[in-house]
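The next block holds one structure in the form of structure tokens; read it before the comments.
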Amino acid sequence: MSNESISRRQFLRGSCATALALGGLSVTGAAHADAEKLTEDDPTATALGYKHDATAVDVTQYAKRAGEAGKKQFCDNCALFDKTAPEGAEWAGCSLFQNRKVAAKGWCNAWVAG
Ligand code: SF4
């Protein structure tokens with residue numbers, strides 16, 4: 001076996017390893033895209049009473065959302081909701097949650113008029 005054939009074999013092995021590594025990155029990227037939505041069971045979300053559906057918030061525990069003024073509080077009118085999101089977007093980033101997506105009609109106790 002010549003040195004040339006060995007180096008070709010090494011090159012091909014390296015190429016295959018690179019392709020597999022890039023494929024792995026692609027899968028990781030897709031998983032990350034799926035993980036961009038905030039989940040209600042995220043520890044910080046739970047601590048702040050975040051709900052995808054603001055009407056499901058327990059107002060006895062989170063009095064801020066009680067009453068007529070409270071009923072008007074939603075993520076999409078919170079100062080921390082991504083204001084560059086397309087009009088009517090059902091999900092958009094929240095700066096409090098490192099721009100993970102929150103539901104436009106969601107709510108958490110950090111809501112602030114925006
Ligand atoms: Fe929604 Fe505002 Fe809480 Fe973010 S900080 S989850 S936009 S209410």
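The values are calculated or read from the model by the stated rules, or taken from the named source; none is laboratory data. These numbers come from a predicted model, not from an experiment. Using ideal geometry, Cβ is built from the backbone for each residue, glycine included, and neighbour counts are taken over all protein chains shown. Keep in mind that these areas ignore ligands, DNA and RNA; they rest on the heavy atoms of the full protein, side chains included. Shrake-Rupley method; radii C 1.70, N 1.55, O 1.52, S 1.80 Å.
Some values worked out for this structure:
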quantity	calculated
Of the criteria (1) part of a helix (DSSP H, G or I); (2) touching a Leu at 6+ places or on another chain (Cβ under 6 Å), which one A110 fails	(1)
Selection count where residues are near the ligand (Cβ under 7 Å from one of its atoms) and in contact with a Lys or Arg (Cβ under 6 Å, 6 or more places away or on another chain), scope region 88-105	0
Top-ranked residue of region 65-87 - restricted to ones that are more than 10 Å from the ligand (Cβ to nearest atom) and surrounded by 12 or more Cβ atoms within 10 Å (Cβ to Cβ), ranked as nearest to the chain's Cα centre (by Cα)	A85
Within region 34-63, considering residues that are under 16 Å from K105 (Cα atoms) and in a helix (DSSP H, G or I), the one most open to solvent (accessible area, probe 1.4 Å)	T55
Subset tally (residues that are in contact (Cβ under 8 Å) with a residue 12 or more places away in the chain and on the phi > 0 side of the Ramachandran plot) for region 42-77	1
Odd one out for A31, checked against (1) at pLDDT 50 or above; (2) under 17 Å from the mean Cα position of the chain (by Cα); (3) part of a helix (DSSP H, G or I)	(1)
In region 67-87, the residues that are at pLDDT 95 or above and small (G, A, S)	G67, A69, G70, A79
